[in-house]
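Working notes, structure below.
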Amino acid sequence: MSQARNQLRIVGGEYRRRVLRFPDAEGLRPTPDRVRETLFNWLGQDLTGKTCLDLFAGSGALGFEAASRNARRVVMVEKAKPVHAALAANRQLLNASHIELVHGDALAWLARTGERFDVVFLDPPFASDLLGKVLALLPERLADDALVYAEYAQWPDLAGWNIVREGKAGNVHYALLRRAA
């Protein structure tokens, strides 16, 4: 039973229908298939040439979906050691050399990186205030016209951000954000 619960299916692109496994970890809840389908319909199915960041990678659902849709590069940041190890195993399973894995704290990594990203996926633990902290640090790391996908239980202050699209599936609220002009 737990094995079926601890797996996800890539819903589109090159790795479509591939099943990836991940360990139990507190607060780990992969983005549901239906939500991922909606998100990638919003983004357009092809991310060719885009550099993506999956900042609280967890199961890797969002980062692997982006890689499957031809993103030039996907950086996945994960703090939990067993979860990071599962991401590495899944990257190897898919032979996805354009995915870079970072084992470390998301906020610390974001504060020290100099990279800029076209698409950022934010799905921090719901019982945390990390979304607000990341949104405050993120603008310097965004390319022009970058989009930010966020899942949340409750919105933090969105000063400086516009909601482009939003939806809800069960307990998951999600939105696509862009920096305000």
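The values are calculated or read from the model by the stated rules, or taken from the named source; none is laboratory data. Bear in mind the structure is a predicted one, so any value in this text is a computation, not a measurement. Methodologically, a virtual Cβ is constructed for each residue, glycine included, from the backbone with ideal geometry; neighbour enumeration extends over all protein chains shown. Calculation scope for accessible area: heavy atoms of the full protein, side chains included, ligands and nucleic acids excluded. Shrake-Rupley method; radii C 1.70, N 1.55, O 1.52, S 1.80 Å.
Below, the figures for the structure above:
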read-out: The chain - Kirkwood radius from inverse mean 1/r over Cα pairs (Å); value: 16.2 Å
read-out: For the chain: relative contact order, % (alpha-carbon pairs under 8 angstrom, 6 or more apart); value: 17 percent
read-out: Simple spin-label estimate for A136 and A169 in nanometres, 7 Å along Cα-Cβ; value: 3.1 nm
read-out: Percent of alpha-carbon pairs separated by more than 15 Å within region 131-181; value: 41 percent
read-out: Enclosed volume per residue, in Å³, of the convex hull spanned by Cα atoms of region 1-103; value: 88 Å³
read-out: Sulfur and carbon atoms: percent of accessible area, region 55-181 [1.4 Å]; value: 49 percent
read-out: Rounded to the nearest 20 debye, dipole of region 28-181 from Cβ charges on Lys, Arg, Asp, Glu; value: 140 debye
read-out: Spin-label model distance (nm) - V19 vs E115, 7 Å beyond Cα toward Cβ; value: 3.1 nm
read-out: Under-5 Å amide H pairs with F117, H placed in peptide plane, nonlocal only; value: L142, A143
read-out: Solvent exposure of the chain as accessible area per residue, Å², 1.4 Å probe; value: 49 Å²
read-out: Against the rule of thumb 2.2 N^0.38 Å, how large the Cα Rg of region 44-101 comes out; value: 1.02
